[in-house]
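Below is one structure, written out as structure tokens, with a few remarks after it.
The values are calculated or read from the model by the stated rules, or taken from the named source; none is laboratory data. These figures come from a predicted structure and were not determined experimentally. Because the Cβ atoms are built from the backbone with ideal geometry, glycine has one as well, and the counts that use them run over all protein chains shown.
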Amino acid sequence: MNKVTVPIAAVNELKDLSREELQQRFEALFKSNIDIPGNDELQSLLHDLQVHQIELEMQNRELSETQQQLEEARDRYADLYDFAPVCYVSFDAKGCIQEINLTGTAMLGQERTRLIGKPFSLWLTKESTRLFFKHLHQTQQGGRVEKQELQLKLENGLLLDVRL
């Protein structure tokens, strides 16, 4: 096998290389033996370290790119959720509001921060409260969930018919 002299790469040097350059360096190192005078065991160890250093840098870049893609997807989803023309509300097991979109905040006439953690039943009529908790229970049990018609009591005293 041909011996190739390959200098030990500094971490900062690897960060400046393109993906293709990293891949080329990795392949060259993986296929080569490093010509370092002295102990063969030390030579082998240094070679392995260089290979692993480049592997880690390549994995780090891939993870960073994936993280960026996930953040972009999350931001798109958040925009779709927040600016949807219908009210979206997420509840905890006790029927308290965990999340609510902007349409929902406008419907209930309050800021999102004031709604989070509040029982949704505060905005329901007595009959609707019963139907809401029945629906919530069915959802938690994984059973068949049917649509429910509810009445919201708004701040101005008006009742608003909604579908859950």
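Numerical summary
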quantity	calculated
All positions within region 147-164 that are surrounded by fewer than 10 Cβ atoms within 10 Å (Cβ to Cβ) and without any contact (Cβ under 8 Å) to a residue 40 or more places away in the chain	147, 157, 158, 161, 163
Subset of region 109-164 (residues that are over 17 Å from residue 92 (Cα atoms), among the hydrophobic types (A, V, I, L, M, F, W, C) and outside any strand (DSSP E or B))	154, 158
Any chance residue 111 is more than 30 Å from residue 24 (Cα to Cα), under 19 Å from the mean Cα position of the chain (by Cα) and acidic (Asp, Glu)	no
In region 63-85, residue nearest to residue 163 (Cα to Cα) [restricted to those that are surrounded by 11 or more Cβ atoms within 10 Å (Cβ to Cβ) and not hydroxyl-bearing (Ser, Thr, Tyr)]	84
Set 52, 47: member being modelled with pLDDT of 80 or more and assigned to a helix (DSSP H, G or I)	52
Evaluation of residue 88 against (1) in the same structural domain as residue 15 (by TED's automatic domain parsing); (2) surrounded by 14 or more Cβ atoms within 10 Å (Cβ to Cβ) (one fails), failing number	(1)
Candidate set: region 16-39, residues that are modelled with pLDDT under 75 and charged (D, E, K, R); chosen: the one nearest to residue 62 (Cα to Cα)	31
Breaking point among (1) closer than 24 Å to residue 163 by Cβ; (2) touching a helix residue (DSSP H, G or I) at 6+ places or on another chain (Cβ under 6 Å); (3) not charged (D, E, K, R), for residue 139	(2)
Residue list for region 100-117, restricted to those being loosely packed, with under 15 Cβ neighbours inside 10 Å and either within 16 Å of residue 164 (Cα to Cα) or not aliphatic (A, V, I, L, M) (or both)	109, 111, 113, 114, 117
